[in-house]
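These notes concern the structure reproduced below.
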Amino acid sequence: MRVCTVSDRDYHAWDAFVVTQKGCTAYHQYRWKQIVEKSFGHAAHYLAAIDDSGRWHGVLPLIHMKSSLFGNFLVSLPFVNYGGILCGSMDIAGLLLAEAERLRTSLGSSHVELRHIGEGVSGMQTRQHKVTMILRLATSAEQQWRAFNAKLRNQIRKPEKSGLLSEIGHLELLDGFYNVFARNMRDLGTPVYARGFFCNVLNELPDSSKIIAVRHEGRIIAAGIATWFGDTMEIPWASSIADFKNLCPNNMLYWEAIKFAIEKGFTKFDFGRSTPDEGTFNFKKHWGAEPVQLYWQYLLPEGENLPELNPKNPKFGLAIKVWQKLPLGLTRFVGPHIVRNIP
């Protein structure tokens, strides 16, 4: 058995193996390597365990991130919720982890972060601070509607009664989505991804992505990018303009996405990661979504503490407050240069 770094010529073999594995996600597809490389310029190290007969036994996608501001580390995968090891045994996982540790050392990286869903790898240092919220879908929109309580149904009806209109499209809606997303990220105090990142996602996933938008008097005031893989649809990026919160545009957005998922035959809708009992967690729970534990696991030098690259780290508090007060145009220009190094 050998563990090697695969190249682009192994694209189809990688994907053929991934879809056979329990726990595979959209982000294990090889095209995410291409999306990240094209969008952010980071080096990718995609590891595979392959026996002497050429049979694949495990994979681990890794992205190397290095900056003077945020440090030098490897992540599987940055910018998204999931990644990590896919394999059928602890022996194979051990081989992949050993190669990841060798890579960490050779690159001078502080740590390796693996983002596992549902279950982690035994024996690794682990943070369990996040869950993802999964809604089990009914077989028809009518059945799903009946499963909602009266309060949620009223919140879904309100935007329609207020004259809001929904729309499902693709690249033609990207500018409208990005205008809303960039403003929302500024208001949250978070640097925004470049428009090109979302363009690359849509171009690399032409048959498994859509933009869902909500308009008020012709203007897009809420929008999200929906993607799908296997039996699950999700909206990894969604935003709305806070000025229109009383019209419940988010409720129209997610209801249109859920109906679309049911029509396409998906059985699960992934609302994305949340911190238990905080605002977004409660919003998702209101729809009937249930938490699934996320395991963010680490390879670290002995004695080192777990990394704290998150908005709740007190050292980022002042930067967040300053960012919220910057002109929107400036954040759209500067933000992508900063966020490319934040996993």
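Does Leu114 satisfy the condition of being within 26 Å of the chain's Cα centre (by Cα) and either at pLDDT 95 or above or under 30 Å from Phe260 (Cβ atoms) (or both)?
Working: within 26 Å of the chain's Cα centre (by Cα): yes; either at pLDDT 95 or above or under 30 Å from Phe260 (Cβ atoms) (or both): yes.
Against the criterion (within 26 Å of the chain's Cα centre (by Cα) and either at pLDDT 95 or above or under 30 Å from Phe260 (Cβ atoms) (or both)), Leu114 qualifies.
What pairs can you find where one residue is in the stretch 270-293 and free of Cβ contacts under 8 Å to residues at least 12 places away in the same chain, the other is buried (at least 20 other Cβ atoms within 10 Å of the Cβ) and part of a strand (DSSP E or B), and their Cβ atoms are less than 6 Å apart, with a gap of 6+ or different chains?
Between residues of the stretch 270-293 that are free of Cβ contacts under 8 Å to residues at least 12 places away in the same chain and residues that are buried (at least 20 other Cβ atoms within 10 Å of the Cβ) and part of a strand (DSSP E or B), the close pairs are Thr280/Ser274.
Conditions first: (1) farther than 28 Å from His129 by Cβ; (2) buried (at least 19 other Cβ atoms within 10 Å of the Cβ); (3) out of contact with any helix residue (DSSP H, G or I) (no Cβ under 7 Å at 6 or more places or on another chain). Ile211 passes all but one, so which condition is the exception?
Unmet for Ile211, out of (1) farther than 28 Å from His129 by Cβ; (2) buried (at least 19 other Cβ atoms within 10 Å of the Cβ); (3) out of contact with any helix residue (DSSP H, G or I) (no Cβ under 7 Å at 6 or more places or on another chain): (3).
List the residue pairs whose Cβ atoms are under 6 Å apart, where the first residue sits in the stretch 225-248 and is outside the structural domain of Leu164 (by TED's automatic domain parsing), the second is part of a strand (DSSP E or B) and modelled with pLDDT under 95, and the two are 6 or more positions apart or on different chains.
none
Collect the residues in the stretch 252-305 that are outside the structural domain of Phe148 (by TED's automatic domain parsing), assigned to a helix (DSSP H, G or I) and either surrounded by 13 or more Cβ atoms within 10 Å (Cβ to Cβ) or of a type in the set (Phe, Trp, Tyr) (or both), keeping them in residue-number order.
Correct list: Thr280, Phe281, Phe283, Lys284, Lys285, His286.
Restricted to the stretch 19-49, and to residues that are in a loop (DSSP other than H, G, I, E, B) and among the β-branched types (Val, Ile, Thr), which residue is farthest from Pro336 (Cα to Cα)?
Thr20
With respect to Gly218, is the statement that it is on the phi > 0 side of the Ramachandran plot and more than 19 Å from the chain's Cα centre (by Cα) true?
On the way: on the phi > 0 side of the Ramachandran plot: yes; more than 19 Å from the chain's Cα centre (by Cα): yes.
The answer is yes for Gly218.
The values are calculated or read from the model by the stated rules, or taken from the named source; none is laboratory data. Bear in mind that the values here come from a model prediction, so they are computed numbers and not experimental data. Methodologically, a virtual Cβ is constructed for each residue, glycine included, from the backbone with ideal geometry; neighbour enumeration extends over all protein chains shown.
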